[in-house]
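Computed from the coordinates by the stated procedures, all read-outs in this text should not be read as laboratory data. Quantities reported herein were computed from a predicted structural model and do not represent experimental measurements. Every residue, glycine among them, receives a Cβ derived from its backbone with ideal geometry; neighbour counts consider all protein chains shown.
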Amino acid sequence: MKEFNAQEQSSATVIDGKAFAQKLRHEVGSQVASFVGAHGRPPGLAVVLVGEDAASQVYVRTKMRQAEEAGIASFAHRLPAVTTEAELLELIVALNADERVDGILVQLPLPDHIDEGGVIEAIAADKDVDGFHPRNVGRLATGESALVPCTPLGCLLLLQDRLGDLTGLKAVIVGRSNIVGKPMAQLLLKAHCTVTMAHSRSRNLADECRQADILVVAVGRPGMIGSDHVKPGATVIDVGINREELGEGQSRLVGDVDFAAVAKVAGAITPVPGGVGPMTVACLLRNTLYAAQRRESARQKASELDVSTKGVAGEPG
Ligand code: NDP
């Protein structure tokens, strides 16, 4: 596969998501070591893959490897494509009850005969490290602490690293999916941006995008955002991952943004590959650690409550 040279013809700062993700994974790794010291066990991540989809297998392998490198115990469940929904739900119930497991990730997409929504809802919300469970979606929307979807969380961390405080900035998000666009909007609202969401029915997309200090694009259409969509100096986050065939068995990954054109106008831009992609897995590890910390602190509170209730019950008279 021919790699795209991200520095080519760029006047914008290229945001190095690969390096940032590596730093984040190291930070998670040292916090995992403290967690093990405090609780005598590593955080645990269960990854469930149904079927033989080649891309999903690569994603799962990467997640498991990076989890292990950070000191997180990983439990792989590879199920055949003919697995029934009932069998998958049975596994989820078992993982919900498994004390070693803090995070459960079901690799999407699932085969057509399985209802994805039902499976996501079956995952215990406090182990939902993908942040797709309706309870986490609702908590994010109401501004409460929640497990947040990994890709938009990764975008937010890159933006805060680049821009610092995002308060008052105008953000435009192109794409309104449940896994990227909508949670991205919630996170940027929480960070006090003025947020516009654009989608396939939006009018005058280029005009909308040109208002943005922060432009996040998550559509799945190669190179659809050009220089006429971008305000000079804007920060552009390209979530899209598209495989472009070059002929003779060659291919390369490209984003939704025409990198060469936009890099001449933008202040900063993420490349594809090497931008948002590596942040997604790093944030999965961060979420797993966070889920483990929350479960241990809930357990601690429950045991303190138990002791104090016993104390009250045991008092004479
Ligand atoms: P979806 O297909 O679920 O959503 C695409 C969104 O783009 C929809 O909201 C759709 O609008 C909108 N859209 C489609 N065409 C246009 C158009 N012409 N103008 C404006 N908006 C348009 O995609 P995902 O959110 O799942 O993924 C988006 C991209 O991000 C993909 O390339 C995917 O591979 C990539 N991705 C990358 C990840 C990473 O780790 N880096 C993780 C997840 C996704 P409407 O709602 O009106 O149909």
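Worth pointing out:
- Residues located in segment 145-159, provided they are of a type outside the set (A, V, I, L, M, F, W, C) and within 17 Å of Asp238 (Cα to Cα): Pro149, Thr151, Pro152, Gly154
- Restricted to segment 160-199, and to residues there that are assigned to a loop (DSSP other than H, G, I, E, B) and in contact with a Pro (Cβ under 7 Å, 6 or more places away or on another chain), the residue that is farthest from Gly233 (Cα to Cα) is Ile179.
- Matching residues in segment 160-174 - criterion: being more than 16 Å from the ligand (Cβ to nearest atom) and either over 17 Å from the mean Cα position of the chain (by Cα) or polar (S, T, N, Q) (or both): Gln160, Arg162, Leu163, Gly164, Asp165, Leu166, Thr167, Gly168, Leu169, Lys170
- Flag for Leu157 being within 13 Å of the chain's Cα centre (by Cα), in contact (Cβ under 8 Å) with a residue 24 or more places away in the chain and either assigned to a loop (DSSP other than H, G, I, E, B) or more than 9 Å from the ligand (Cβ to nearest atom) (or both): yes
- Options Leu159, Leu215, Leu163: the member that is touching a helix residue (DSSP H, G or I) at 6+ places or on another chain (Cβ under 6 Å) and either of a type in the set (Gly, Ala, Ser) or under 17 Å from Val276 (Cβ atoms) (or both): Leu215
- Only residues that are in a helix (DSSP H, G or I) and buried (at least 24 other Cβ atoms within 10 Å of the Cβ) were counted across segment 256-276, and they come to 3.
- Filter result for Ser177 (within 9 Å of the ligand (Cβ to nearest atom), in contact (Cβ under 8 Å) with a residue 12 or more places away in the chain and out of contact with any strand residue (DSSP E or B) (no Cβ under 6 Å at 6 or more places or on another chain)): yes
- Among (1) over 18 Å from Ala124 (Cβ atoms); (2) buried (at least 18 other Cβ atoms within 10 Å of the Cβ), the one test that Gln107 misses: (1)
- Test for Gln66: is it polar (S, T, N, Q) and buried (at least 18 other Cβ atoms within 10 Å of the Cβ): yes
- Residue list for segment 199-250, restricted to those being within 10 Å of the ligand (Cβ to nearest atom), over 21 Å from Val265 (Cα atoms) and within 25 Å of the chain's Cα centre (by Cα): His199, Ser200, Gly220, Ile241, Asn242, Arg243
- Residue check: Ser145 meets all listed conditions (1) away from the ligand (no atom under 16 Å from the Cβ); (2) within 23 Å of Asp258 (Cβ to Cβ); (3) assigned to a loop (DSSP other than H, G, I, E, B) but one, namely (2).
- Among the conditions (1) in contact with a Ser or Thr (Cβ under 8 Å, 6 or more places away or on another chain); (2) more than 21 Å from Val272 (Cα to Cα); (3) away from the ligand (no atom under 16 Å from the Cβ), the only one that His133 does not satisfy is (1).
- Considering segment 257-308, and only residues there that are of a type in the set (Ser, Thr, Tyr) and within 16 Å of the ligand (Cβ to nearest atom), the residue that is nearest to Gly44 (Cα to Cα) turns out to be Thr280.
- The listed residue being part of a helix (DSSP H, G or I), without any contact (Cβ under 8 Å) to a residue 40 or more places away in the chain and surrounded by fewer than 20 Cβ atoms within 10 Å (Cβ to Cβ), out of Ala19, Ala38: Ala19
- In segment 263-281, the residues that are more than 30 Å from Glu68 (Cα to Cα) reach residues that are of a type in the set (Phe, Trp, Tyr) and surrounded by 20 or more Cβ atoms within 10 Å (Cβ to Cβ) with C-beta atoms within less than 7 angstrom, at least six apart or across chains, in these pairs: Ile269/Phe259.
- Scope segment 92-109; condition outside any strand (DSSP E or B) and either small (Gly, Ala, Ser) or under 23 Å from the mean Cα position of the chain (by Cα) (or both); matching residues: Ile92, Ala94, Leu95, Asn96, Ala97, Arg100, Val101, Asp102, Gln107, Leu108, Pro109
- Checked against the criteria, Thr167 does not count as surrounded by fewer than 20 Cβ atoms within 10 Å (Cβ to Cβ) and under 15 Å from His229 (Cβ atoms).
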